[in-house]
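Participant: Provided herewith is a single structure, encoded as structure tokens, for subsequent inquiry.
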Amino acid sequence: MSHPQLHADVWTLSAAALAVVGGAFISRLLGRSPDSDEIERQRRAYLNQIGRIVEGQITDLVEVAEDKGRKGSKASDGRRKLVCYSYSISGVSYETAQDITSLQGRAGLELIITGLPASIKYDPSNPSNSILIADDWSGLR
């Protein structure tokens, strides 16, 4: 093999390798990322698995207009349903809300009444991360 031919083969091989790496990068960049409803479902599943239970109280049930920029949302009427609740851990009080729009088909959501006690699952390493309802668990009574 002559020296100029070896040089051309190296350039051809380098260009092919660069095309493969570039294609993989673009594919990853344009690939499907999870939508906001899927991210919330994964968060609920994680908290349901590792969460500790504490007593809390339902403080409100509200509907809010859907964020137009919300990626992948499946709210049919353009409204999101939030249940607000409070709980205390080691003397620290938390007040938060959980989007239950994707859980509306679950039995028991009619039990959401302001002022009633409820069981809350929270992340022991981040107590502000909590749920009242998951796909296969409910703190409603």
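Participant: Among the residues of region 52-78, write down those that are modelled with pLDDT of 65 or more, out of contact with any Asp or Glu (no Cβ under 6 Å at 6 or more places or on another chain) and not in a strand (DSSP E or B).
Facilitator: Of region 52-78, the ones modelled with pLDDT of 65 or more are 52-68, 77-78.
Next, only the ones that are out of contact with any Asp or Glu (no Cβ under 6 Å at 6 or more places or on another chain) stay: 52-68, 77.
Answer for region 52-78, where residues must be modelled with pLDDT of 65 or more, out of contact with any Asp or Glu (no Cβ under 6 Å at 6 or more places or on another chain) and not in a strand (DSSP E or B): Glu66, Asp67, Lys68, Asp77.
Participant: Here's another thing I want to ask about it. Within region 118-141, count every residue that is surrounded by 13 or more Cβ atoms within 10 Å (Cβ to Cβ) and either of a type outside the set (D, E, K, R) or more than 17 Å from the chain's Cα centre (by Cα) (or both).
Facilitator: Counting residues in region 118-141 that are surrounded by 13 or more Cβ atoms within 10 Å (Cβ to Cβ) and either of a type outside the set (D, E, K, R) or more than 17 Å from the chain's Cα centre (by Cα) (or both) gives 15.
Participant: Within region 84-96, identify whether any single residue is outside any loop (DSSP other than H, G, I, E, B), under 22 Å from Ser128 (Cβ atoms), at pLDDT 90 or above and in contact with a Cys (Cβ under 8 Å, 6 or more places away or on another chain), and answer yes or no.
Facilitator: To start, the set of residues in region 84-96 that are outside any loop (DSSP other than H, G, I, E, B) comprises 84-89, 92-96.
Still in the running and under 22 Å from Ser128 (Cβ atoms): 84-89, 92-96.
Narrowing the set further to residues that are at pLDDT 90 or above leaves 84-89, 92-96.
Narrowing the set further to residues that are in contact with a Cys (Cβ under 8 Å, 6 or more places away or on another chain) leaves 95-96.
Yes, region 84-96 contains a residue that is outside any loop (DSSP other than H, G, I, E, B), under 22 Å from Ser128 (Cβ atoms), at pLDDT 90 or above and in contact with a Cys (Cβ under 8 Å, 6 or more places away or on another chain).
Participant: Would you confirm whether or not region 114-137 contains a residue that is in a loop (DSSP other than H, G, I, E, B), in contact (Cβ under 8 Å) with a residue 40 or more places away in the chain and of a type in the set (Phe, Trp, Tyr)?
Facilitator: Looking only at region 114-137, we keep the residues that are in a loop (DSSP other than H, G, I, E, B), and these are 114-116, 124-125, 132, 134-137.
Retained after the next criterion (residues that are in contact (Cβ under 8 Å) with a residue 40 or more places away in the chain): 114-116, 124, 132, 134-137.
Of the ones still in play, those that are also of a type in the set (Phe, Trp, Tyr) are 137.
Yes; the residues of region 114-137 include at least one that is in a loop (DSSP other than H, G, I, E, B), in contact (Cβ under 8 Å) with a residue 40 or more places away in the chain and of a type in the set (Phe, Trp, Tyr).
Participant: Right, another one. Which of the residues that make up region 84-116 are surrounded by 13 or more Cβ atoms within 10 Å (Cβ to Cβ) and over 17 Å from Val62 (Cα atoms)?
Facilitator: Tyr87, Ser88, Ile89, Tyr94, Arg106
The values are calculated or read from the model by the stated rules, or taken from the named source; none is laboratory data. Remember, predicted model here, so these are calculated numbers, not experimental data. All Cβ positions, even for glycine, are placed from backbone atoms using ideal geometry, and neighbour counts span all protein chains on display.
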